[in-house]
Amino acid sequence: KTLGQQVVVENRGGAGGTTGTEIVAKAPPDGYTVLINNISLAINATLFPQLPYDTLKSLQPVALVGRQPNVLAVAPSIKAASVRELLELARSRPDVIIYGSGGPGSSSHLAGARLQLATGIRMTHVPYKGLAQAMTDLGLGRVELVVATVSTALPHMSAGKIRALAVTSAQRTPLLPKLPTMIEAGVKDYEVTTWYMVLAPARTPRTIVTRLSTALRSMASGGDLAKQFAAQGVDPAHSGPEQAAALLKSEIGKWGPVVKATGAKPG
């Protein structure tokens, strides 16, 4: 309604999101083909040795549209009621605790790797073909820890199949106000937030980028969308092109060393 245009959503999965990203990176810079991507966009800049586009040069960030915290979730069998107790348990049992992820190089994989780098603990990584499968096995006790988005973890938490020990955002989430942040729990500078960003092809005229960003800001402030976001633990945190570009560059710098430290390869 804001743009006076029909909007068609075309899901183009594959290669960790690079397939859809390439389509937009090589599309005409006229504002009619845009991309919505997430934290994987920044991770892929290091994870993939050769991308068919340059993450910072082939795309023009339009706006950040939302952030979603993750939770550090454990299986019911884990005898730890807090992050501190979990870390003590992990230190007493190097490489014994198994953590699952949505696949090699996924944000859930690297969030677990970042926890190890930050605390010195050692765990064994088991990648799955998707985060949903990892969460199912967490509830069954086949893996013992997963760092997952709130929206993915909530159904399992509500059913009592898993326990969350902390959120990974810088601040607590209103959806789970009693859960401490990882920083509050004693893991210094540990912040992992899944963000969602809209981008256009590079060389898209500034007037078009501004119009799209303004439309997204208007949409984010609407009641219906805010309610939908809130139900999934997503904060409609709009920011304009400059701030979105700065975030993307910062996130590439943040996750690049973690990718290299793990030796992660595309799944």
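So how many residues does the range 20-52 have that are among the aliphatic types (A, V, I, L, M) and assigned to a loop (DSSP other than H, G, I, E, B)?
Number of matching residues: 4.
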- Item | Where a residue in the range 1-15 is farther than 22 Å from residue 130 by Cα and of a type in the set (Gly, Ala, Ser) and its partner, wherever it lies, is surrounded by 13 or more Cβ atoms within 10 Å (Cβ to Cβ) and at pLDDT below 90, with Cβ under 6 Å and at least six apart | none
- Message: Cβ-Cβ distance below 6 Å, separation of 6 or more or different chains: which pairs start in the range 162-188 with a residue that is farther than 18 Å from residue 112 by Cβ and end on one that is open to solvent by 60 Å² or more (accessible area, probe 1.4 Å)?
- Response: 170/191
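Of all strands (runs of 3 or more DSSP E) completely enclosed by the range 53-166, which ones contain at least 1 residues that are under 15 Å from the mean Cα position of the chain (by Cα) and farther than 30 Å from residue 242 by Cβ? I'd like the intermediate steps shown before the answer.
Values: elements: 59-74, 98-101, 124-127, 145-149.
Once the strands (runs of 3 or more DSSP E) in the range 53-166 are filtered for at least 1 residues that are under 15 Å from the mean Cα position of the chain (by Cα) and farther than 30 Å from residue 242 by Cβ, what remains is 59-74, 98-101, 145-149.
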- Kindly indicate whether residue 43 is in contact (Cβ under 8 Å) with a residue 40 or more places away in the chain, in contact with a helix residue (DSSP H, G or I) (Cβ under 6 Å, 6 or more places away or on another chain) and under 30 Å from residue 93 (Cβ atoms). yes
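Listed here are the residues, each with its yes/no results for (1) in contact with a Leu (Cβ under 8 Å, 6 or more places away or on another chain); (2) of a type outside the set (Phe, Trp, Tyr); (3) not in a helix (DSSP H, G or I).
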{"site": "189", "(1), (2), (3)": "no, yes, yes"}
{"site": "194", "(1), (2), (3)": "no, yes, yes"}
{"site": "198", "(1), (2), (3)": "yes, yes, yes"}
{"site": "207", "(1), (2), (3)": "no, yes, no"}
{"site": "210", "(1), (2), (3)": "no, yes, no"}
{"site": "215", "(1), (2), (3)": "yes, yes, no"}
{"site": "246", "(1), (2), (3)": "no, yes, no"}
- Of the criteria (1) open to solvent by 60 Å² or more (accessible area, probe 1.4 Å); (2) in contact with an Asp or Glu (Cβ under 9 Å, 6 or more places away or on another chain); (3) touching a residue at least 60 places away in the same chain (Cβ under 8 Å), which one residue 30 fails: (2)
- Message: When the residues of the range 183-229 are narrowed to those that are at pLDDT below 95 and basic (Lys, Arg), which ends up least open to solvent (accessible area, probe 1.4 Å)?
- Response: 217
- Query: residue 151 passes all but one of (1) under 17 Å from residue 38 (Cβ atoms); (2) buried (at least 18 other Cβ atoms within 10 Å of the Cβ); which number fails?
  - Reply: (2)
- Might you let me know whether the range 128-143 holds any residue that is touching a helix residue (DSSP H, G or I) at 6+ places or on another chain (Cβ under 8 Å), surrounded by fewer than 21 Cβ atoms within 10 Å (Cβ to Cβ), farther than 25 Å from residue 257 by Cα and among the aliphatic types (A, V, I, L, M)? yes
- Query: Cβ-Cβ below 9 Å, separation at least six or inter-chain, first residue in the range 235-261 and closer than 17 Å to residue 37 by Cβ and open to solvent by less than 20 Å² (accessible area, probe 1.4 Å), second outside any loop (DSSP other than H, G, I, E, B) and among the aromatic types (Phe, Trp, Tyr): which pairs?
  - Reply: 251/195
- Query: Filtering the range 158-182 down to residues that are more than 17 Å from residue 135 (Cβ to Cβ) and charged (D, E, K, R), which residue is least open to solvent (accessible area, probe 1.4 Å)?
  - Reply: 172
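Quick test for you: out of 77, 92, pick the one residue that is at pLDDT below 95 and of a type in the set (Gly, Ala, Ser).
Only one candidate passes the filter, namely 77.
The values are calculated or read from the model by the stated rules, or taken from the named source; none is laboratory data. This is a predicted model, so every value here is computed, not measured. Reconstructed Cβ throughout: ideal geometry from the backbone, glycine too, with neighbour counts over all protein chains shown. For the accessible areas, the whole protein counts, side chains as well, though only heavy atoms, and no ligand, DNA or RNA atoms are used. Shrake-Rupley method; radii C 1.70, N 1.55, O 1.52, S 1.80 Å.
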